[in-house]
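S.K.: Handing you this structure, nothing more for now.
Only the coordinates and a few stated rules stand behind these numbers; no lab work does. Keep in mind it's a predicted model, so treat the numbers as computed, not measured. All Cβ positions, even for glycine, are placed from backbone atoms using ideal geometry, and neighbour counts span all protein chains on display.
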């Protein structure tokens, strides 16, 4: 049985194929290759058509296709798991950082300076603004973007995956959200308190 389309963003926004590939990769690694068949069997049309054939990393695909995949995968593989999309975002951020974003996110200063550029590399709609004079406590604000609950949780994971290190894990909190009536979505990142290892 296919899921309905109540999740639609109602926009013509697009994302890079890399986002779709990382969503597929997360499901494959976390739940096994056969899980993709179960997700595909429940995905609505026409979004399913984006996942047929070869997906090109740099090509543009409908944002609704990514949302459809995330929503269907969570409902099929992890119903009730509120952390599913957050983990997928963390996975995607780590993959993208290892592949080609390492220099751009290497330091707090670099992240604050390059964040708007990175946004435009992946999304053709909206803008990312970094506010705050101190790069270590700066907040990311996403403006004019047709978000959904799945995407908001995914962005939390992306922030965490981009800035976390093995000895300094990060946690992102969404302090404002357009789905709650705010003018934009805002994310703050905090870091785990250093342990006795640093003593």
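S.K.: Looking only at residues in region 42-61 that are assigned to a helix (DSSP H, G or I) and touching a residue at least 12 places away in the same chain (Cβ under 8 Å), which one is surrounded by the fewest Cβ atoms within 10 Å (Cβ to Cβ)?
M.R.: So the residue we want is 42.
S.K.: May I pose another question? When you look at residue 142, is it over 16 Å from residue 173 (Cα atoms) and touching a helix residue (DSSP H, G or I) at 6+ places or on another chain (Cβ under 9 Å), yes or no?
M.R.: no
S.K.: In region 62-100, which residues are surrounded by 14 or more Cβ atoms within 10 Å (Cβ to Cβ) and outside any helix (DSSP H, G or I)?
M.R.: 62, 78
S.K.: Do the conditions hold for residue 63, that is, is it within 25 Å of residue 160 (Cβ to Cβ) and in contact with a strand residue (DSSP E or B) (Cβ under 7 Å, 6 or more places away or on another chain)? Steps first, please.
M.R.: Values: within 25 Å of residue 160 (Cβ to Cβ): yes; in contact with a strand residue (DSSP E or B) (Cβ under 7 Å, 6 or more places away or on another chain): yes.
When the stated conditions are applied, residue 63 passes them.
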